[in-house]
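See below for the structure under consideration.
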Amino acid sequence: MAVLRRATKAVAAWRAGGLALIVLTGVSACTPIYRNHGYVPAEDELALVEVGTDTQETVGEKIGRPSAQGLLNDDGWFYVQSRYKTIGPREPVEIDRQVLVVNFNEAGVVQNIGRFGLEDGRVVEISRRVTESNIKGIGFIRQLLGSFGRLRAEDITG
C-alpha cells in the first residue's frame, strides 16, 4: 500500500512538472523578439556636420557613408534604421524607423539635413525587379493546351 502511495505521488509530481514545463514553454513563445536593421548617426555625431561647409568626403569621414544614395542624380545620402518586433510565429512588424537625409548641391557641399520617422513616411518602392507577363488570367497549362487547336499539318511539314 505504501509503495502504491509513493508511486501515485511520483506520477502526480511528474504531471505537475510536465504541466509547468508546458506553461513555461507557451509563455516564452509569446515573448517578443526585437531586431534592429540599418544605421543612423546619433545627434552628437551629426552635430559635427556643418551645412554649407562640409562636402561628401568630409561627411563620409565624420559619420560614415550610407548604404543608400540618390538613385537618379546622386544628390542625397539616405541613412535608414528600422526596429522590428516579432511575437511567436507571427510576421515581424516594423515598430520604429528613422531616415536621415543629407542633401548635396552640384558642388558636393551639404545643402540640407533632414530626419524623418515612421510617422512621417509611407512605403516607397525604390526598385522593383519584376517581369510583367503579357498574358492576363491564363495559366501556363491553359496556354499550352490552347495552342493545340491552332496547330495545322502544313505548319509541321513545311
- Would you check if there is a residue in region 2-15 being part of a strand (DSSP E or B), at pLDDT below 90 and either polar (S, T, N, Q) or within 25 Å of residue 118 (Cα to Cα) (or both)? no
- In region 36-53, which residue that is outside any helix (DSSP H, G or I) and over 22 Å from the mean Cα position of the chain (by Cα) is nearest to residue 85 (Cα to Cα)? 47
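The values are calculated or read from the model by the stated rules, or taken from the named source; none is laboratory data. Just so you know, these numbers come straight off a predicted model, no measurement behind them.
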